[in-house]
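Here the structure is laid out as structure tokens; the discussion comes afterwards.
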Amino acid sequence: MKGDALADLASSLPDGDAFLRSVASPFRRAIRVHPRRGQPSGWGDLVPIPWNPAGFFTTADCDPGDFLDYHTGTIYPQDAASQVPVLLLAPQPGEVIVDTCAAPGSKSTQIGLALGDDGLLVCVDAAAPRRRVLAENLARQGITGGVVTPMPLHVLAERHPHVADGVLVDAPCSGHEPRSQKQVARMAERQLTLLTEAARLVRGDGRLVYSTCTPYVAENEGVIQAFLAAHPGWRVDVVTLPGCDVDLAGLGAVRLWPQRQGTEPFFACRLRAPEDLPGSDSLRGREPPADRALSRWLPDSPLRCWNNGRTSFIATVAAAACALPSEARGLVLAHGEGGPEPWTAQMLIDRGAASIEVDATTAKHLWAGESLALSAPPSVFVRRTSGAPLGLLGGAVDARRLSLPSRLFRSALR
Ligand SMILES: C[S@@+](CC[C@H](N)C(=O)[O-])C[C@H]1O[C@@H](n2cnc3c(N)ncnc32)[C@H](O)[C@@H]1O
């Protein structure tokens with residue numbers, strides 16, 4: 001290819017040949033483990049990821065969708081490098097975080113878990129079909145602080161400047177395919193525009209994390225240098241993470257490489273906003289009137305439950321009151337008089353709602369949609385002995401079954 005940027009990059013690296021070989025091979029598979037949904041099981045050897053205590057490399061050479069742990073939200077399949085940006089963003093309970101390129105939600109779910117049941121996570125993405133997958137992933141992981149908005153990023157930044165304690169730009173990028181220098185330069189321009197729009201959302205002294213899964217310097221160090229040149233007062237907040245490399249321009253950012261860490265090529269940098277920028281609470285709207293439905297399962301929950309006449313929702317107070325149009329907000333607790341929706345049932349179980357345990361084999365039969373004779377009361381939450389939350393048990397005494405929509409039933413899971 002004319003002006004092959006991948007070959008140019010390789011020739012500048014001390015281990016360029018190994019880079020070219022590794023970047024064309026599969027990367028090490030990895031998962032991230034939910035903090036409240038028990039131990040993953042059936043994965044073979046799980047090797048800790050040095051930079052994330054919640055992450056593991058897995059030797060299981062099969063699709064994560066073959067595991068019950070995936071369907072119950074006990075794990076989230078995520079490249080080990082992709083787990084880095086949220087570690088840099090370090091969201092804290094109670095904060096307002098905007099994920100500007102959020103779909104399909106690897107990092108949004110990670111942020112949502114860090115916020116817990118206090119705070120607001122605004123998820124933006126330009127692609128409507130990808131936002132639907134994102135909403136499903138947030139629900140499967142039981143994220144209560146999420147608001148998925150169709151509002152374009154530049155509109156959000158114009159109407160709600162300085163609202164966020166932390167903003168993530170996990171930018172679209174050239175990936176690791178061979179590209180011409182011209183293609184890379186065009187992508188870098190687009191990324192700088194996104195980063196510039198996202199920066200308007202950050203409050204004084206707030207964090208802005210920029211990441212890509214491409215090795216190209218122009219899309220990584222180059223974008224950060226161009227941003228800093230145009231934004232006096234902003235600085236790189238220097239980070240190091242165990243087992244990760246430093247960036248190629250001495251900025252204080254992080255790099256990962258397929259030939260070194262075994263991950264996809266990755267770059268992540270944390271920027272810090274000037275202290276004299278203002279802070280704004282313009283995302284805070286009216287709280288919906290509280291509904292007591294939630295107290296039946298979680299009497300002491302800090303979450304807000306409300307009903308719009310047809311549907312009950314459950315969310316953090318900040319997400320419930322968020323003044324943005326939304327396609328998803330917290331979790332749907334129930335439609336009409338029905339019991340909890342599947343993903344909400346799992347969330348209630350992982351927050352400590354009373355539940356009974358079943359063994360691994362029974363769990364797999366139940367998730368396959370089978371009816372079983374179980375000595376269990378009707379309408380009781382059920383989880384696997386490993387901790388994985390399964391859902392609500394219903395049916396007759398000699399034919400108990402899991403209430404899930406049929407589209408969620410899967411057989412032959414590990
Ligand atoms: C690298 S992917 C994000 C992956 C995601 N952060 C995750 O971890 O699952 C980049 C995303 O940016 C979105 N995107 C591209 N241009 C955008 C824009 N102008 N505003 C918001 N999102 C955009 C794409 O639709 C795509 O979903």
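Couplings for region 79-85, taken from phi via the Karplus curve 6.51 cos²θ - 1.76 cosθ + 1.60 with θ = phi - 60°, read 3, 4, 6, 5, 7, 6, x Hz in order; Gly and Pro are left as x.
Summarising the label geometry, the points placed 7 Å from Cα in the beta-carbon direction at Gln225 and Asp237 lie 2.4 nm from one another.
Rg/Rh, computed from the Cα trace of region 33-174 with Rh as the Kirkwood radius, has the value 0.97. Which listed residue (Ala323, Ile31, Pro265) has the Cα farthest towards the positive end of the charge dipole for the chain, taking +1 on Lys and Arg C-beta and -1 on Asp and Glu C-beta about the Cα centre? Highest projection toward the positive end goes to Ala323.
Here the simple spin-label model places points 7 Å from the Cα toward Cβ, and for Thr311 and Ala412 these points are separated by 3.4 nm.
Could you let me know the centre-to-centre spacing of region 108-166 and region 3-58, using Cα atoms, in angstrom? So the separation of the two Cα centres works out to 26 Å. Of the residues Val397, Val380, Trp367, the one whose Cα sits farthest towards the positive end of the charge dipole of region 364-414 is Trp367 (charges of +1 on Lys and Arg Cβ, -1 on Asp and Glu Cβ, taken about the Cα centre).
Ignoring any ligand, DNA or RNA, what whole percent of the accessible area of region 1-152 comes from carbon and sulfur when the probe is 1.4 angstrom? Let's see the in-between values first.
Values: 3030 of 5480 Å².
Ligands and nucleic acids excluded, carbon and sulfur reach 55 percent.
Solvent-accessible area per residue in region 298-372 equals 40 Å², computed with a 1.4 angstrom probe and all protein chains kept. Length gained on full extension, Glu370 to Thr385: 3.5 nm, using 0.36 nm per residue less the C-alpha separation. Treating the Cα atoms of the chain as identical point scatterers in vacuum, please give the log10 of the normalised Debye intensity I(q)/I(0) at q = 0.07 Å⁻¹, two decimals. Normalising to I(0) and taking log10 leaves -0.35.
Working note: Karplus 6.51/-1.76/1.60 with θ = phi - 60° gives region 302-312 the couplings x, 6, 9, 10, 8, 9, 9, x, 10, 10, 9 Hz, where Gly and Pro are set to x. Ordering Trp297, Cys101, Gly166 by the projection of their Cα atoms onto the charge dipole of the chain, which places +1 on the Cβ of Lys and Arg and -1 on the Cβ of Asp and Glu, puts Trp297 at the extreme positive end. Just round it to a whole percent: the fraction of Cα-Cα distances in region 178-333 exceeding 21 Å. It works out to 60 percent of all Cα pairs. Apply 1/(1 + (r/R0)^6) to the Cβ-Cβ distance of Glu337 and His154, taking R0 = 35 Å, and write down the FRET efficiency to the nearest 0.05. About 0.25, to the nearest 0.05.
Per Stokes-Einstein, at 10 °C and 1.306 mPa s, what whole-number D in µm² s⁻¹ belongs to region 325-381, with the Kirkwood radius over Cα pairs as the hydrodynamic radius? The partial results should precede the final answer.
Numbers: Rh = 13.4 Å.
Answer, rounded: 119 µm²/s.
Using only side-chain charges placed at the Cβ, +1 for Lys and Arg and -1 for Asp and Glu, the dipole size of region 124-173 relative to its Cα centre rounds to 200 debye. If you find the alpha carbon centre of region 384-414 and of region 63-95, how far apart are they in angstrom? Cα centres, region 384-414 to region 63-95: 23 Å.
The 3J(HN,Hα) values that the Karplus relation (6.51, -1.76, 1.60; θ = phi - 60°) gives for region 317-327 are, in residue order, 4, 5, 6, 4, 9, 5, 8, 10, x, 9, 9 Hz. Gly and Pro appear as x. For Cys101, the residues 5 or more places off, or on other chains, whose built amide H falls under 5 Å of its own are Val124, Asp170.
What dipole magnitude, in Debye to the nearest 20, does the chain give about its Cα centre under +1 on Lys/Arg Cβ and -1 on Asp/Glu Cβ?
Numbers: 41 positive and 43 negative charges, 152 e Å.
For the chain, the charge dipole is close to 720 debye.
Distances between placed amide hydrogens fall under 5 Å for Arg384 paired with Val358, Leu390, all partners being 5 or more residues away or on another chain.
Give, in nm to one decimal, the length gained when the segment between Asp15 and Arg292 is fully stretched (0.36 nm per residue of separation minus the Cα-Cα distance). Working shown, then result.
Working: separation 277, 0.36 × 277 = 99.72 nm, distance 6.10 nm.
Stretched fully, the Asp15-Arg292 segment lengthens by 93.6 nm.
Rolling a 1.4 angstrom probe over the protein heavy atoms with all chains in place gives region 126-189 an accessible area of 41 Å² per residue. Note on region 303-367: with charges restricted to the Cβ of Lys and Arg (+1) and Asp and Glu (-1), its dipole about the Cα centre is near 220 debye.
Amide H to amide H distances under 5 Å link Ile49 with Gly55, Phe56, Phe57, where only residues 5 or more positions off or on other chains count and H is placed in the peptide plane.
The values are calculated or read from the model by the stated rules, or taken from the named source; none is laboratory data. Only a predicted model underlies this, so the values are computations on that prediction, with no experimental measurement involved. Counting neighbours? That spans all protein chains shown, and the Cβs are built from the backbone with ideal geometry, glycine included. Only protein heavy atoms, including side chains, enter the accessible area calculation; ligands, DNA and RNA are left aside. Shrake-Rupley method; radii C 1.70, N 1.55, O 1.52, S 1.80 Å.
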